[in-house]
Amino acid sequence: MKVSLFGAGYVGLAFAACLAEAGHEVLCADADAARIEGLQQGRMPLHEPGLEALVAAGQAAGTLRFTTDERAASLHGEVLFIAVNTPADAAGEIDLRHVMAVARSIGRHRDRPGLVVCKSTAPVGTAEQVEAVLVDELLQRGAAHRIDVAVNPEFLREGSAVRDCRQPDRVVIGAEDTEAVDLLARLYRPFVQDPKQVLVMDRRSAELTKYAANAMLATRISFMNEMARVAEHAGADIEMVRRGIGADPRIGPGFLQAGAGYGGSCLAKDVRALRHAADRDGYGLRILSAVEATNHEQKGRLFDLMTHHFEGRIADKTIALWGLAFKPDTDDMRDAPSLVLLERLRAAGARVQVHDPAAMPNARAMVGEHGDVRWCDTPEQALEGAHVLALVTEWPVFLCPDFSHIAATLGTPAIFDGRNIYDAAEVEAAGIAYYGIGRGRSVLR
């Protein structure tokens, strides 16, 4: 099948590469000329495990091409996916200009019937707006053919986008037309093992499903971070509690890790967008307000623990910081908890030595060059001359460090484990003070 895909970001690029691998003829368009030129020359614009090889294979096979030509993309596919960015302001209002620009382009150039599929995360009712734009453009030029609109939200996780695309746990299709449903079901056939994985619903329900899913995940994270506070003051270990409640099949183990707060391009933005829509329509979402407040507070937790450890005298201390990206296996720094920690440490007069396996260039561009921040090539380099270590992102390279080396290198050995990945007893046996999140060792007096 010929497929056009507008947007070469995390979602668009991974989806395009996987469709091409399945044998579809994919033309991926993006308005960013530098990004498209880089992809055409084999340069990846982002870090995503397995994606670079998949893109290269698709290009070599001729099933994956990239372009900035919106007309060519509008004419190419039997199905045309919109997977462009939908940024939000601080209040949560979603900017749909990129989505509507693609819809206008398709309406201007498309010379035959087709199916436009909204894959970008966008507010409920966006598909209807896209349909209205298409109808208006077709009317303006007197075109008689029809372009249908469906919704197919993405559920790809950064760091595992290729795997999630190849083996989706569900495919949500929002469509009013059975032909559109059949077409999308055929497109997804190489990836779906069980027809029950394909969930068909109306477009508005499909749009809300994406938001509701991320809101639930964010709620579970913030709930566990609140339980971590209880555990700290009660002398319990939140990791034991997590195992206990995760074994309940009504709850399950996913997204129950207490930590330094969630970040990234999805959870925070989608929670804000839901709250904004509710406020606009005159009703409040009290649970999500609490979720946001808890997450905001949690991002300062490691700094609070350090201030407690140093008895308020954190100025002139040097902090080794392992991990900058909001999660492992990505270079995405959007809403990353590390940014909050960096800002608060610098404001308090501390020096910071940081290392991340992939996110250093993006972090450096966001933070800038400062004398109190040292960008280190290795985890070991970040330890040199530091007083304590903070673990913010649980990259595999950080999972099994040499604690005796850390104890000998740090000036006042202490580890602030923002993801609860270390065994507290093992750390303490090496002569290092251990502060986790909700593990009974980090109560603020």
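The values are calculated or read from the model by the stated rules, or taken from the named source; none is laboratory data. Just so it is clear, the structure is predicted and the values come from calculations on it, not from any experiment. Here the Cβ positions follow ideal geometry from the backbone for every residue, glycine too, while neighbour counts run over all protein chains shown. Keep in mind that these areas ignore ligands, DNA and RNA; they rest on the heavy atoms of the full protein, side chains included. Shrake-Rupley method; radii C 1.70, N 1.55, O 1.52, S 1.80 Å.
Structural remarks
- Taken over the range 66-97, residues that are buried (at least 18 other Cβ atoms within 10 Å of the Cβ), under 30 Å from H296 (Cβ atoms) and touching a Ser or Thr at 6+ places or on another chain (Cβ under 7 Å) amount to 5.
- Qualifying residue in the range 356-371 (condition: more than 21 Å from the chain's Cα centre (by Cα), of a type in the set (V, I, T) and either part of a loop (DSSP other than H, G, I, E, B) or at pLDDT 95 or above (or both)): no
- Picking from residues in the range 224-247 that are in contact with a helix residue (DSSP H, G or I) (Cβ under 8 Å, 6 or more places away or on another chain) and open to solvent by 10 Å² or more (accessible area, probe 1.4 Å), the one that is nearest to K299 (Cα to Cα) is E226.
- Selected residue [in a helix (DSSP H, G or I) and either open to solvent by less than 20 Å² (accessible area, probe 1.4 Å) or basic (K, R) (or both)] from A215, A185: A215
- Annotation note: Cβ proximity below 7 Å between a residue of the range 69-93 that is β-branched (V, I, T) and a residue that is surrounded by fewer than 21 Cβ atoms within 10 Å (Cβ to Cβ) and part of a loop (DSSP other than H, G, I, E, B) (sequence gap 6+ or interchain) occurs for V79/M1; T86/D95; T86/L96.
- Test result for N152, in contact with a Lys or Arg (Cβ under 7 Å, 6 or more places away or on another chain), surrounded by 19 or more Cβ atoms within 10 Å (Cβ to Cβ) and at pLDDT 95 or above: yes
- Residue within the range 38-53 that is small (G, A, S), in a helix (DSSP H, G or I) and surrounded by 19 or more Cβ atoms within 10 Å (Cβ to Cβ) present: no
- When G62, G23, G9 are screened for being farther than 23 Å from V99 by Cβ, open to solvent by 10 Å² or more (accessible area, probe 1.4 Å), small (G, A, S) and touching an Asp or Glu at 6+ places or on another chain (Cβ under 9 Å), only G62 passes.
- Taken over the range 402-412, the criterion of being buried (at least 20 other Cβ atoms within 10 Å of the Cβ) and part of a loop (DSSP other than H, G, I, E, B) is satisfied by L410 alone.
- Selection count, the range 377-396, where residues are farther than 20 Å from G263 by Cα and either aromatic (F, W, Y) or crowded, with 19+ Cβ neighbours inside 10 Å (or both): 7
- Filter pass, R344 being basic (K, R) and surrounded by fewer than 19 Cβ atoms within 10 Å (Cβ to Cβ): yes
- Selection within the range 273-305: residues that are among the basic types (K, R) and under 23 Å from the mean Cα position of the chain (by Cα). The member of this set that is least open to solvent (accessible area, probe 1.4 Å) is R301.
- Filter result for P168 (within 27 Å of M1 (Cβ to Cβ), assigned to a loop (DSSP other than H, G, I, E, B) and open to solvent by 40 Å² or more (accessible area, probe 1.4 Å)): no
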